[in-house]
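Here's the structure we're looking at; comments come further down.
What follows is calculated from the coordinates using simple rules that are stated; it is not laboratory data. Source: prediction; values computed, not measured. A quick note on method: Cβ atoms are made from the backbone with ideal geometry, for glycine too, and the neighbour counts reach across all protein chains shown.
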Amino acid sequence: MRIQIEELRDRARQAHRLWEACILCGRRCQINRRERAGLCRAGNQAVVASYGPHWGEERPLVGTGGSGTIFFSYCNLSCVFCQNFDISHEAEGEEVDGARLGAIILSLQKQGCENINLVSPTHYVPVILDGLTQAAEKGLHVPIVYNSGGYDSLEILQLLDGIIDIYLPDFKFASDDLGQRFCGVKDYASVAKAALKEMYRQVGLPQLDEEGTAQKGLIIRHLMMPALPDNTLDAIRFIVDEVSPQSWVNVMAQYYPAYRAEEHPPIDKPLSRREYLQVIKQIKLLGPELKLLNGL
């Protein structure tokens with residue numbers, strides 16, 4: 001975090017004003033979240049599904065203490081292939097205010113976590129900023145990771161400038177048509193592309209400490225999906241051409257047909273290793289300077 005506490009307090013106040021006619025994400029539903037739930041189905045308190053040290057993130061985020069993940073319930077997308085649908089759709093978890101969230105953040109730091117990893121944070125940014133303020137007043141010092149689905153409004157990202165150290169967005173689809181088909185929003189790609197460029201403007205390429213643990217920067221995730229190689233290549237092409245040819249990208253291979261994916265061919269089957277490796281070869285030709293975190 002690169003801003004002072006008083007500025008952080010002011011950003012939290014600004015975020016709450018955006019909440020009154022909500023434009024936190026690309027849906028821009030303009031619902032007064034103080035009075036009722038938005039299209040994301042979330043109200044004016046954050047719901048935390050779980051939290052704790054996590055060892056399954058990218059290696060630069062894990063270090064020796066693990067990534068201090070906080071999984072938030074509900075979601076601003078409606079992905080038919082959601083692998084965490086019990087959290088994003090069924091909203092299991094504990095309702096928290098800023099004070100409780102601040103205590104959770106500090107508990108993760110005390111456990112030795114390398115960072116605070118906010119998973120699916122977009123629709124709760126006002127409460128998150130309240131929690132970060134509470135934690136900062138009591139000694140928060142580890143990097144803050146913003147781990148979103150990429151469907152973030154520019155207004156909310158600009159409020160986060162200087163607060164977020166590491167952006168970890170998904171870049172699911174490079175075309176709005178696919179976003180409409182599989183995520184339930186008409187402009188996923190347009191919003192995500194603008195968000196990626198803003199995130200990169202704020203934090204640039206990853207910077208590591210002497211132990212190889214990320215302290216700042218943009219790391220992009222892309223989940224490769226079956227029978228959609230052009231989507232992956234188009235996503236990589238955008239990253240190389242419009243973000244940075246030296247971007248850090250995790251092209252993930254763990255797709256399987258979760259939630260309602262079996263109703264939506266061609267993503268109604270697992271991704272084959274052969275298909276994955278074939279596309280990775282093409283990615284290396286498209287972006288020879290990319291830092292690929294998939295280990296292949």
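Here are some notes:
- In terms of overall dimensions, the C-alpha atoms belonging to segment 218-283 reach 36, 22, 16 Å along their principal axes, ordered largest to smallest.
- Kirkwood Rh, Cα atoms: Rg over Rh of segment 193-239: 1.09
- Long-range lysine pairs (8 or more apart or interchain), the chain, Cα under 28 Å: 27
- For the pair segment 1-78 and segment 147-217, the centres of their Cα atoms are 13 angstrom apart.
- Rel. contact order, % - alpha carbon contacts under 8 angstrom, at least six apart, segment 5-292: 16 percent
- Here segment 248-272 is scanned for amide nitrogen atoms under 19 Å from the site 7 Å beyond the Cα of residue 205 along Cα-to-Cβ, giving 248-251.
- For peptides 181-192, 198-209, sequence by mean Cβ density within 10 Å, most packed first: 181-192, 198-209
- DSSP beta bridges fully contained in the chain are about 40 percent antiparallel.
- Ellipsoid semi-axes for segment 85-176, based on the Cα gyration tensor and the rule √(5λ), read 23, 16, 13 Å when sorted largest first.
- In sequence order, calculated HN-Hα J values of segment 56-70 (Karplus, 6.51, -1.76, 1.60; Hz; x Gly/Pro): x, 7, 4, 3, x, 8, 8, x, 9, x, x, 8, x, 7, 10
- Principal axis dimensions, the chain - Cα atoms, whole angstrom, descending: 50, 46, 30
- Once the gyration tensor of the Cα atoms in segment 256-296 is diagonalised, the equivalent ellipsoid follows with semi-axes of 27, 10, 9 Å, ordered largest first.
- Theoretical gain in end-to-end length, residue 272 to residue 258 [0.36 nm per residue, Cα-Cα removed]: 3.5 nm
- Packing here is the average count of other Cβ atoms within 10 Å per residue, and on that basis the peptides 39-47, 134-142, highest first, run 39-47, 134-142.
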